[in-house]
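Inspection log for the structure reproduced underneath, given as structure tokens.
The values are calculated or read from the model by the stated rules, or taken from the named source; none is laboratory data. The shown structure was predicted, so the numbers you read here are calculated from the model rather than taken from an experiment. For neighbour counting, all protein chains shown are included, and Cβ atoms are generated from backbone atoms with ideal geometry for every residue, glycine included. Ligands, DNA and RNA are stripped out before the accessible areas are found, and what is left, the full protein with its side chains, is counted by its heavy atoms. Shrake-Rupley method; radii C 1.70, N 1.55, O 1.52, S 1.80 Å.
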Amino acid sequence: MTLGIDIGGTTINLGLIDGDRLLKKVQVPSFPKTATQEDTLIYLGDQIENFLVPGIQKIGIGVPSLTDPVKGIVYNAANIPSWDVVPLKDTMEARFDIPVYVNNDANCYALGAAVKVGEGPSTVVTVTLGTGTGVGIVIDGKLFSGTHCGAGEIGAIPYEGTDYESFCSKKYFTTRGLDPRALSKAASEADETALAHFRDFGRHMGTFLSVVMYAYDADVIVLGGGIAHTFPHFQEAMWEALRCSYPYQNALDNLKIIAMPDEDTALVGAASLT
């Protein structure tokens, strides 16, 4: 068995994984914004200790940041202010004496999504729509991370005076004083104001996915994270904007875009890190 961990800006998920099966999962609050790095590492270690069972052979951790997957060092984690340079692998291995593997959370999600999509597509790109925006790339079954584990950081590309992440994540809603869950419920009831917000969000998403296609020419794009639950409300506007932004019609005709908001996807991917 493997312990898979997905660290987010608001929650941390821990799951016991056997192969590609999630046996047990717990969710705890993420670190307070004012917590020191030492406090966060103690807190994370305590959550792991509470969840450990006999037979766990390794621990895989997905983090919203650039990482050195060989040394297991985390750099400048998004939404965790104290995580500028964090020796996460060494710290957790010293405490538990179990092999620990660390990678970007979007990369972990990508690995898990590729497993669920199955064999066939040569290029699977995942876009996690949570507190921030992450992109993970799996080509021919293997994770593509780039030299510094920074491949796919498309959310940081400048866009409309800020960056894509500000328009293609939960931030789109929170900066406008909106609750995406409440807005989704209203959209399901045909509330025109709610539907207009999702059309606007879909327009930004379509433009964002055109950049993904220019970069990776994917067979399949998988949308994950909490905002992926609202996919039915923005998919039409997203496709319309994508077709306007990306000129290669044959590629779009063969492209599949799938919403996969299951929280266990990232845990399965984290557990498969080596």
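Give the range 10-20 a look and list any residue that's surrounded by fewer than 18 Cβ atoms within 10 Å (Cβ to Cβ) and in contact (Cβ under 8 Å) with a residue 24 or more places away in the chain, or say none. Passing the criteria: Thr10, Asp20. I'd like to check something: does the range 192-202 contain any residue that is of a type in the set (D, E, K, R), outside any helix (DSSP H, G or I), over 18 Å from the mean Cα position of the chain (by Cα) and exposed (fewer than 14 other Cβ atoms within 10 Å of the Cβ)? No, the range 192-202 has no match at all. Counting only helices (runs of 4 or more DSSP H) that fall entirely inside the range 213-274 and contain at least 3 residues that are under 29 Å from Ser188 (Cα atoms) and of a type outside the set (Val, Ile, Thr), the qualifying elements are 231-245. The residues of the range 36-56 that are touching a strand residue (DSSP E or B) at 6+ places or on another chain (Cβ under 8 Å) and among the aromatic types (Phe, Trp, Tyr) amount to a single one, Phe51.
Contact map, the range 259-274: residues that are farther than 12 Å from Cys108 by Cβ paired with residues that are surrounded by fewer than 19 Cβ atoms within 10 Å (Cβ to Cβ) and not aliphatic (A, V, I, L, M), Cβ distance under 7 Å, separation 6+ or inter-chain. Pairs shown: Met260/Lys116; Pro261/His229.
Residue by residue through the range 120-163, note down the ones that are among the polar types (S, T, N, Q) and either within 14 Å of the chain's Cα centre (by Cα) or at pLDDT below 90 (or both). Within the range 120-163, Thr126, Thr128, Thr131, Thr133, Ser145, Thr147 meet the criteria. State yes or no: is Asp179 open to solvent by 80 Å² or more (accessible area, probe 1.4 Å) and closer than 27 Å to Val70 by Cα? No. Looking only at residues in the range 1-30 that are assigned to a loop (DSSP other than H, G, I, E, B) and polar (S, T, N, Q), the one that is modelled with the lowest pLDDT is Thr10. When Tyr172 is tested against (1) surrounded by fewer than 20 Cβ atoms within 10 Å (Cβ to Cβ); (2) at pLDDT 95 or above; (3) assigned to a helix (DSSP H, G or I), exactly one condition is not met: (1). Checking each residue of the range 253-270 against the condition of being closer than 18 Å to Gly130 by Cβ, open to solvent by 50 Å² or more (accessible area, probe 1.4 Å) and at pLDDT 95 or above gives at least one match.
I need the full set of residues from the range 104-118 which are touching a residue at least 12 places away in the same chain (Cβ under 8 Å) and more than 10 Å from the chain's Cα centre (by Cα), in order please. The answer is Leu111, Gly112, Ala113, Ala114, Val115, Lys116, Val117.
If only residues of the range 182-191 that are outside any loop (DSSP other than H, G, I, E, B) and either open to solvent by 70 Å² or more (accessible area, probe 1.4 Å) or modelled with pLDDT under 95 (or both) are counted, the one that is nearest to Pro64 (Cα to Cα) is Lys185. Taken over the range 128-185, the residue count meeting the criterion of being farther than 17 Å from Val211 by Cβ and among the β-branched types (Val, Ile, Thr) is 6.
All of Tyr101, Tyr159 fail the test of being of a type in the set (Phe, Trp, Tyr) and more than 29 Å from His204 (Cβ to Cβ), apart from Tyr101. Where helices (runs of 4 or more DSSP H) sit wholly within the range 31-119, those with at least 3 residues that are open to solvent by less than 10 Å² (accessible area, probe 1.4 Å) and at pLDDT 90 or above occupy 37-51, 105-117.
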